[in-house]
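Engineer: First the structure, then my questions, so here it is.
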Amino acid sequence: MADNIGPDGETLLGIYRRAALLKANDERSRKVITTGRLVMPYYSYRGQEIIPSALCASLTDDDYLVTIYRGIHDMLAKGMPLNDLWAEIAGRVDGTCKGKGGPMHLTYPKKGIMVTTGIVGSSMPIANGLAWGSQLSGNNRVAVATFGDGASNIGAFHESLNMAAVWKLPVIFLCQNNLYGEHTAYEKATSAKQIADRAAGYSIPGVRVDGNDPVEMYRMAREAIDRARAGEGPTLIEAMTFRFHGHVFGDADGYMDKAQKAAAMEADPVPRLRRKLIDEGIATEEQLAQIEADIEESIDAAVEFALASPLPELSELTTDVYGEAA
Amino acid sequence: MSDTLTSEKPAAAKVAQVTMLQAINQAIADAMEADEHVVVLGEDVADPEEGGVVGVTKGLSGRFGEKRVRSTPIAEQAIIGAAIGASLVGYKPVAEIMLMNFTTVAMDMIVNHAAKLRFMSGGQTHVPIVIRTMTGTGFSSGGQHCDYLEAWFAHTAGMKVVAPSNPADAYGLMRAAINDPDPVLYIENMPSYWMKGDSFDADHIVPLGKAAVAKEGGDVTIVSYSRTLNEALGAVKAMEAAGVSAEIIDLRTISPWDEDTVLASAAKTGRLLIAHEAVEKHGMGAEIAAVASTKLFGKLKAPVARLGAPYAPVPFSKPLEDAFAPNAKRIAEAAISLCK
């Protein structure tokens with residue numbers, strides 16, 4: 001790996017800005033649900049913030065993202081505006097999907113957030129198509145499919161990686177391995193010692209990286225993105241992380257190993273990056289406190305904006321099913 | 001393959017008599033000529049792979065290049081996923097799923113994604129793809145190669161479903177399907193590929209959702225589509241011999257189906273028979289029968305009748321296969337019995 005690939009201090013600070021936003025947004029989401037202000041199926045991503053924060057440091061707004069039901073961190077890192085996000089998860093007309101998608105189907109093409117799927121494994125075939133569009137038009141955009149470790153066991157993973165390899169598509173398959181597929185531990189469901197090893201079956205590069213390490217994660221993502229832009233085809237990245245909470249908010253996560261969970265939470269990657277920034281003189285305590293205060297304020301505003309936004313008219317039930325024929 | 005597929009022609013020219021297969025091929029070629037965003041993908045679709053197992057896309061990659069006409073792995077989820085993704089960024093993919101039974105492998109992509117992305121995104125994205133697929137009994141291909149599954153897709157909000165019965169409609173529906181802003185399943189009947197039909201205008205468009213009166217009549221309305229429509233036309237002589245004048249409606253688009261044309265005809269004749277090759281139970285005929293029975297309650301002279309395949313998988317053995325799909329004889333018998 002080239003040493004000059006970075007990240008420099010400014011990039012690391014940018015990664016922290018994103019990660020702090022993601023962490024605060026998850027904490028607020030769980031609070032808003034707990035206090036009964038919003039009702040929705042919520043899939044907490046707490047603990048996985050560094051992965052998309054580091055990835056998106058090397059993506060442009062024009063690059064494509066296909067993410068999954070546990071993907072609000074991916075979207076926020078890619079630039080989904082907070083007001084549009086919160087109004088959507090509140091089911092309101094000002095939501096990015098007019099309240100018709102909800103937390104599992106958030107979409108925001110203006111920032112390249114093309115599809116969010118609630119079906120395990122389905123981000124990959126569609127990301128291939130977006131990458132094929134880039135290849136056809138020569139516009140140099142890359143597509144990223146994110147998915148969990150569980151999705152590497154479904155057929156769509158195999159079909160997608162094979163086609164992407166054969167067609168040399170500018171796509172990055174980003175597996176966020178949080179060690180649990182729904183309630184089932186990695187070892188009980190996955191034959192491969194590591195998911196990255198599966199790349200060999202498609203003759204594409206596969207790397208396992210500590211997804212909670214912003215430097216490593218940034219470098220691996222950057223390499224894969226550069227490779228895709230250079231026309232050298234897809235990469236499988238297995239970013240190791242840990243999901244702090246259960247599969248869906250409200251489950252008691254009794255199936256998770258308590259010691260493993262306690263250790264992961266102890267090693268919380270977001271405050272770890274915060275300490276690193278201060279220790280290395282990249283930012284001061286005051287600067288970071290200000291960033292965090294601004295984030296809280298923008299989330300306050302987004303929640304209030306969402307709850308003040310009207311609920312959709314019932315006519316929306318049957319609009320957007322079809323478009324107007326040309 | 002006919003010269004009409006490859007030679008240049010003036011825009012308003014008449015297309016000479018061609019087969020279904022040639023009409024489909026020409027419609028895709030003309031759409032590709034008109035819009036560089038039209039691309040083709042599927043198993044074996046490019047010329048080195050002989051333009052598909054039956055040759056429907058033959059000549060297209062030679063003319064437009066293998067970048068725009070791309071043979072794929074045998075991987076139906078990946079095929080439809082690639083079509084969906086490319087359609088989200090401005091392309092108009094025509095994806096081939098070789099046989100209708102193979103759509104089952106891609107159902108998640110079709111039903112959960114292609115059909116729903118417009119709605120779930122609040123209209124921010126849409127999926128203008130055409131999924132071509134062939135099916136139909138007649139070649140002893142048994143239980144997994146010739147089902148008519150159109151009702152599944154018609155039941156999925158966001159999908160459109162078409163099934164031409166003749167070359168002119170095959171051309172016109174394909175052009176309309178490619179122009180359409182939503183996903184369209186385009187059903188081709190395998191034994192009909194080599195049938196010839198009337199000539200038609202180049203750039204002929206058949207709007208989606210519009211049925212055609214294939215034959216006028218006064219005693220009974222027969223609604224059908226795809227190959228079964230031609231069986232209904234083949235039943236005319238026997239019906240006339242029995243003194244029954246049938247009006248035959250070619251649905252052409254299965255979803256959204258043309259209620260106005262069907263109900264106007266059934267109101268006129270007072271009798272309605274729906275015939276299709278798909279299994280009769282829970283089929284398209286049930287939907288049409290329910291709507292007609294409700295909207296024409298009191299105006300019909302007989303209960304609405306349906307004629308479809310038995311509730312069984314498609315059999316292999318020839319006499320069983322021959323007895324499976326409704327044919328001209330059975331349609332004539334059903335229509336005559338309805339008029340008694």
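Engineer: Restricting to Cα pairs below 8 Å that are 6+ residues apart, what does the relative contact order work out to for chain A? Please round to a whole percent. List each step's numbers first, then the result.
Structural biologist: Details: 620 pairs, mean separation 75.1, N = 326.
Value for chain A: 23 percent.
Engineer: Can you list the lysines whose alpha carbon sits under 28 Å from that of A:K188, skipping same-chain ones fewer than 8 residues off?
Structural biologist: Cross-link targets: A:K258, A:K261.
Engineer: Where the centre of each part is set by its Cα atoms, how far does the range B:235-261 sit from the range B:139-199, in angstrom?
Structural biologist: A separation of 18 Å, based on Cα centres.
Engineer: Specify the longest stretch of chain B that does not include any exposed loop site, a site being one of the GluC sites (Glu not before Pro) with a non-H, G, I, E, B DSSP assignment and at most 13 other Cβ atoms within 10 Å. It would help to have the intermediate numbers written out before the result.
Structural biologist: Numbers: sites that count: B:E8, B:E36, B:E216.
Result for the longest clean stretch: B:37-215.
Engineer: Another question, then. Contour minus end-to-end for A:M265 and A:D279, with contour as 0.36 nm per residue of separation and end-to-end as the Cα-Cα distance? If you can, show how the numbers build up before the last one.
Structural biologist: Details: separation 14, 0.36 × 14 = 5.04 nm, distance 2.09 nm.
Gain in length upon complete extension: 3.0 nm.
Engineer: For chain B, take the longest principal axis of its alpha carbons; what is the angle in degrees between that and the long axis of helix B:328-338, to the nearest 10 within 0 to 90?
Structural biologist: 40 degrees
Engineer: Something else now. Please compare each pair in B:K210/B:K299; B:K281/B:K340; B:K237/B:K301; A:K78/B:K160; B:K160/B:K215; B:K14/B:K210 to a cut-off of 27 Å on the Cα-Cα distance and tell me which ones are over it.
Structural biologist: A:K78/B:K160
Engineer: Sticking with this structure for a sec: Pull up the cross-link candidates among the aspartates and glutamates for B:K295, meaning alpha carbon to alpha carbon under 17 Å and not fewer than 8 places away within one chain.
Structural biologist: In chain and number order, the partners are B:D258, B:E259, B:D260, B:E287.
Engineer: Using the Karplus curve 6.51 cos²θ - 1.76 cosθ + 1.60 with θ = phi - 60°, work out ³J(HN,Hα) for each residue of the range B:106-112 in order, rounded to whole Hz, and write x for Gly and Pro.
Structural biologist: Karplus-based 3J(HN,Hα) across the range B:106-112 equals 10, 4, 4, 5, 6, 7, 7 Hz.
Engineer: Also, I was wondering about something else. Once each part is reduced to its C-alpha centroid, what is the distance from the range B:110-134 to the range A:7-45 in angstrom?
Structural biologist: For the range B:110-134 versus the range A:7-45, the Cα centre distance is 30 Å.
Engineer: Once you sort the root eigenvalues of the Cα gyration tensor of the range B:15-201 as a ≥ b ≥ c, which label holds: rounded (a/c under 1.5), prolate (a/b larger than b/c) or oblate (the other case)? Mind showing how you got there, number by number?
Structural biologist: Working: a/c = 1.40, a/b = 1.20, b/c = 1.17.
Because its axes are fairly even, with a/c under 1.5, the range B:15-201 counts as rounded.
Engineer: Excluding same-chain residues fewer than 8 positions from A:K100, which lysines have a Cα within less than 20 Å of its Cα?
Structural biologist: Counting by Cα, and skipping residues close in sequence, A:K100 has these lysines nearby: A:K110, A:K111, B:K116.
Engineer: Here is a follow-up. Find, among the trypsin sites (Lys or Arg not before Pro) in the range B:60-102, those assigned to loop by DSSP (not H, G, I, E, B) with at most 16 other beta-carbon atoms within 10 angstrom.
Structural biologist: Filter output for the range B:60-102: B:K67.
Engineer: Please compute the modelled spin-label separation between B:E49 and A:E182, points set 7 Å along Cα→Cβ, answer in nm with one decimal.
Structural biologist: Label at A:E182, label at B:E49, 3.3 nm between them.
Engineer: Give me the inter-chain shielding for A:120-128: mean count of other chain Cβ atoms within 10 Å, whole number please. Can you show the working numbers first?
Structural biologist: On the way: counts 1, 2, 7, 1, 4, 15, 15, 3, 8.
Average per residue, whole number: 6.
Engineer: How many angstrom separate the Cα center of the range B:64-106 from the Cα center of the range A:203-235?
Structural biologist: Taking the Cα centre of each part, the range B:64-106 and the range A:203-235 sit 27 Å apart.
Engineer: For the range B:212-338, what is the percent of antiparallel DSSP beta bridges, rounded to the nearest 5?
Structural biologist: Details: 3 of 15 bridges.
Beta bridges within the range B:212-338, antiparallel portion: roughly 20 percent.
Engineer: On to the next question. Averaging sequence separations of C-alpha pairs under 8 Å and six or more residues apart, then dividing by the length of the range B:178-248, give the relative contact order as a whole percent.
Structural biologist: Numbers: 49 pairs, mean separation 25.5, N = 71.
Answer for the range B:178-248 is 36 percent.
Engineer: Using alpha-carbon pairs under 8 Å, 6+ residues apart, how would you state the relative contact order of chain B in percent? Walk me through the numbers before you get to the answer.
Structural biologist: Numbers: 764 pairs, mean separation 55.1, N = 340.
Relative CO of chain B lands at 16 percent.
Engineer: Run the simple label-point estimate for A:M40 and B:E333 please: 7 Å along Cα→C-beta, distance reported in nm.
Structural biologist: Result: 5.9 nm between the two label points.
Engineer: Would you mind checking which residues have amide H under 5 Å from B:K92's amide H? H placed 1.01 Å from N; only 5 or more apart, or other chain.
Structural biologist: Sorted by chain and number, the residues that satisfy this are B:V38, B:V39.
Engineer: Kindly express, to the nearest 10 degrees and within the range 0 to 90, the angle between helix B:20-34's C-alpha long axis and the longest C-alpha principal axis of chain B.
Structural biologist: 40 degrees
Engineer: Give me the percent of DSSP beta bridges within the protein assembly as shown that run antiparallel, rounded to the nearest 5. It would help to have the intermediate numbers written out before the result.
Structural biologist: Working: 11 of 69 bridges.
Just about 15 percent of them are antiparallel.
Engineer: Where in the range A:100-189 are there GluC sites (Glu not before Pro) that are in a DSSP coil and have at most 14 other Cβ atoms within 10 angstrom of their Cβ?
Structural biologist: Numbers: sites: A:E159, A:E182, A:E187; in loops: A:E182.
Answer in residue order: A:E182.
Engineer: Now, a different point. How high is the FRET efficiency between A:Q290 and A:L311 when r is their beta carbon distance and R₀ equals 25 Å, given to the nearest 0.05?
Structural biologist: Numbers: r = 36 Å, r/R0 = 1.43.
The computed FRET efficiency comes out at 0.10.
Engineer: For the range B:98-142, run through the chymotrypsin sites (Phe, Trp or Tyr not before Pro) and keep only the ones in DSSP coil with at most 12 other Cβ atoms within 10 Å of their Cβ.
Structural biologist: On the way: sites: B:F102, B:F119, B:F139; in loops: B:F139.
The qualifying sites are B:F139.
Engineer: Now, a different point. Please work out whether the range A:3-306 counts as rounded, prolate or oblate from its C-alpha gyration tensor, where a ≥ b ≥ c are the square roots of the eigenvalues and a/c under 1.5 means rounded, while otherwise a/b larger than b/c means prolate and anything else oblate? Before the final figure, lay out each step's value.
Structural biologist: On the way: a/c = 1.28, a/b = 1.25, b/c = 1.03.
Cα axes put the range A:3-306 in the rounded bin.
Engineer: Test of understanding: what is the full-extension gain from B:A312 to B:I205, defined as 0.36 nm times their sequence separation minus their Cα-Cα distance?
Structural biologist: Working: separation 107, 0.36 × 107 = 38.52 nm, distance 3.67 nm.
Difference between extended and current length: 34.9 nm.
Engineer: Answer rounded, prolate or oblate for chain B, using the Cα gyration tensor with square roots of eigenvalues a ≥ b ≥ c: rounded when a/c is under 1.5, else prolate when a/b is larger than b/c, else oblate.
Structural biologist: Working: a/c = 1.67, a/b = 1.54, b/c = 1.08.
Cα axes put chain B in the prolate bin.
Engineer: Right, next: Provide the FRET efficiency to the nearest 0.05 for the B:S140-B:A238 pair, computing r from the beta carbons and using R0 = 35 Å.
Structural biologist: Numbers: r = 26 Å, r/R0 = 0.76.
Once rounded, the FRET efficiency stands at 0.85.
Engineer: With the dipole of the range A:144-234 worked out from charges on the C-beta (+1 for Lys and Arg, -1 for Asp and Glu) around the Cα centre, which of A:A185, A:I204, A:V166 lies farthest toward the positive end?
Structural biologist: Farthest along the dipole direction, towards plus: A:V166.
Engineer: Working only with C-alpha atoms, what are the Rg and Dmax values of the protein assembly as shown, expressed in angstrom?
Structural biologist: Cα-based Rg and Dmax for the protein assembly as shown come out at 27.9, 97 Å.
Since every read-out is calculated from the coordinates, none of them should be taken as a lab result. Remember, it's a predicted structure, so these values are computed and weren't measured experimentally. We place every Cβ from the backbone using ideal geometry, glycine too, and count neighbours over all the protein chains shown.
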